[in-house]
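This report concerns only the one structure given below.
The values are calculated or read from the model by the stated rules, or taken from the named source; none is laboratory data. Just so it is clear, the model here is predicted, and its values are computed rather than measured. Positions of Cβ are backbone-derived with ideal geometry, glycine not excepted, and every protein chain shown enters the neighbour counts.
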Amino acid sequence: QQQVKQSPQSLIVQKGGISIINCAYENTAFDYFPWYQQFPGKGPALLIAIRPDVSEKKEGRFTISFNKSAKQFSLHIMDSQPGDSATYFCAATMNSGYSTLTFGKGTMLLVSP
Amino acid sequence: NAGVTQTPKFRVLKTGQSMTLLCAQDMNHEYMYWYRQDPGMGLRLIHYSVGEGTTAKGEVPDGYNVSRLKKQNFLLGLESAAPSQTSVYFCASRLGQGMSYEQYFGPGTRLTVT
């Protein structure tokens, strides 16, 4: 059972445009929602994260929007740049026991020059 | 501070062969994880450890074994490799319970089983 569903699988955006990646989760006990960025040949790295007590978090050009009632969260990349071309993973976890991250399947973003 | 390192970077095995992947971290993290990444499947947790001498199964543990004899090292073993284990393997570490959830990933090991 996939607990975090991510869409789209791939995305092509023109330079300067807005990239939007969506995730939906099923487990209402999840209370931490990070996004990881992975460049080709590298390991994933934390990009930005949000907790469900806020509806939005912004760091530079990257924003997470969170809708608790819909059990959805999304990553918005404003003014997308070719250097943002990477694979993005959403994830979720809960603050109980030895919590592990459940990852979405990833979105391959290509920002065309 | 090297962070999380993995050896080897690449490996080709024949079906039935065994091998051990080594993960090392120098951040004094309590928790360590092994994931596999396959196209269109995202990152799937194989095994994890919440401290020296302790390990637990993740989502896809079959065919793998792990050991955490030292806090800084987490070993992933394949006793009898199968073509289905062709994948990119990532190790990650995290500070510990009650601390930041952030996981720090290594650069990965690309394994091909023929």
Over the stretch A:6-56, the set of residues closer than 27 Å to B:G3 by Cβ and among the charged types (D, E, K, R) is A:D31, A:K42, A:R51
Looking only at the stretch B:95-109, and only at residues there that are surrounded by 15 or more Cβ atoms within 10 Å (Cβ to Cβ) and more than 9 Å from every other protein chain (Cβ to nearest Cβ), the one that is modelled with the lowest pLDDT: B:L95
Just wondering, is there one or more residues in the stretch A:52-74 that are more than 13 Å from the chain's Cα centre (by Cα), surrounded by 13 or more Cβ atoms within 10 Å (Cβ to Cβ) and free of Cβ contacts under 8 Å to residues at least 12 places away in the same chain? no
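Within the bounds of the stretch A:19-27, is there any residue that is in contact with a Gly (Cβ under 8 Å, 6 or more places away or on another chain) and not in a loop (DSSP other than H, G, I, E, B)?
yes
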With the checklist (1) out of contact with any Ser or Thr (no Cβ under 6 Å at 6 or more places or on another chain); (2) at pLDDT 95 or above; (3) over 20 Å from A:G17 (Cβ atoms) in hand, flag the one item A:G83 doesn't pass. (3)
For the stretch A:84-99, check the following and say yes or no: at least one residue is more than 14 Å from chain B (Cβ to nearest Cβ) and assigned to a loop (DSSP other than H, G, I, E, B). yes
Quick one: in the stretch B:25-64, of everything that is surrounded by fewer than 15 Cβ atoms within 10 Å (Cβ to Cβ) and in contact with a His (Cβ under 9 Å, 6 or more places away or on another chain), which residue is nearest to B:Q97 (Cα to Cα)? B:A56
Restricting to strands (runs of 3 or more DSSP E) lying wholly in the stretch B:18-114: which have 2 or more residues that are farther than 29 Å from A:Q9 by Cβ and free of Cβ contacts under 8 Å to residues at least 60 places away in the same chain? B:19-25, B:42-51, B:54-57, B:65-67, B:73-78
Test A:Q38 against the stated conditions and say whether it is closer than 22 Å to A:P113 by Cβ and within 10 Å of chain B (Cβ to nearest Cβ). yes
Which of (1) within 20 Å of A:L101 (Cβ to Cβ); (2) among the β-branched types (V, I, T); (3) outside any loop (DSSP other than H, G, I, E, B) is the odd one out, the single condition A:T63 does not satisfy? (1)
